[in-house]
């Protein structure tokens, strides 16, 4: 499934993975979130509800990854790699930006709209 993500004046596209957690995330769309910055590597926001956790977890990430952090029911978009491992229980990768991760490399919080592309 393709996504359109609006951040400030930019629009970037992304592709969701197949799987139960990604499908559960898609069921929430469209979403407008106030995303905060964490460690100058990711923007994250709290989702309106928990997602299914029936998916593999990872303790690493790549620039452009869209991931779910289940302990806080957060979605994160990674824009910079800092070499640090993600703490347990790890992330569930939901998808990946097709390009434009640098759009998230701005200081402070940003308003982001995520929607499906039909």
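The values are calculated or read from the model by the stated rules, or taken from the named source; none is laboratory data. As the structure is a computational prediction, the values presented were derived from the model and not from experiment. Methodologically, a virtual Cβ is constructed for each residue, glycine included, from the backbone with ideal geometry; neighbour enumeration extends over all protein chains shown.
What the table shows:
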quantity	calculated
Any hit, segment 28-39, residues being within 14 Å of residue 91 (Cβ to Cβ) and surrounded by 14 or more Cβ atoms within 10 Å (Cβ to Cβ)	no
Condition check for residue 91: over 17 Å from residue 7 (Cα atoms) and under 12 Å from the mean Cα position of the chain (by Cα)	yes
Lone unmet requirement of (1) under 15 Å from residue 115 (Cα atoms); (2) in a strand (DSSP E or B) for residue 29	(2)
Residues located in segment 71-92, provided they are touching a strand residue (DSSP E or B) at 6+ places or on another chain (Cβ under 7 Å) and not in a loop (DSSP other than H, G, I, E, B)	72, 74, 75, 76, 77, 78, 91, 92
Which numbered condition residue 56 misses (of (1) modelled with pLDDT of 95 or more; (2) surrounded by fewer than 18 Cβ atoms within 10 Å (Cβ to Cβ); (3) closer than 20 Å to residue 105 by Cβ)	(3)
Yes/no for residue 51 being at pLDDT 95 or above, in contact with a strand residue (DSSP E or B) (Cβ under 7 Å, 6 or more places away or on another chain), part of a strand (DSSP E or B) and surrounded by 15 or more Cβ atoms within 10 Å (Cβ to Cβ)	no
Which numbered condition residue 22 fails, given (1) closer than 23 Å to residue 102 by Cβ; (2) in contact (Cβ under 8 Å) with a residue 24 or more places away in the chain	(1)
Pair list, Cβ < 6 Å and 6+ apart or interchain, from segment 99-118 residues that are touching a residue at least 24 places away in the same chain (Cβ under 8 Å) to residues that are exposed (fewer than 12 other Cβ atoms within 10 Å of the Cβ) and in a loop (DSSP other than H, G, I, E, B)	115/30
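To keep it simple, each residue is scored yes or no on (1) surrounded by fewer than 15 Cβ atoms within 10 Å (Cβ to Cβ); (2) modelled with pLDDT of 95 or more; (3) on the phi < 0 side of the Ramachandran plot.
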{"position": "42", "(1), (2), (3)": "no, yes, yes"}
{"position": "47", "(1), (2), (3)": "no, yes, yes"}
{"position": "69", "(1), (2), (3)": "no, yes, yes"}
{"position": "73", "(1), (2), (3)": "yes, yes, no"}
{"position": "80", "(1), (2), (3)": "yes, yes, yes"}
{"position": "94", "(1), (2), (3)": "no, yes, yes"}
{"position": "105", "(1), (2), (3)": "yes, yes, yes"}
{"position": "111", "(1), (2), (3)": "yes, yes, yes"}
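Residue-wise test of (1) in a strand (DSSP E or B); (2) under 13 Å from residue 114 (Cβ atoms).
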site	(1), (2)
5	yes, yes
12	yes, yes
23	no, no
36	yes, no
43	yes, yes
94	yes, yes
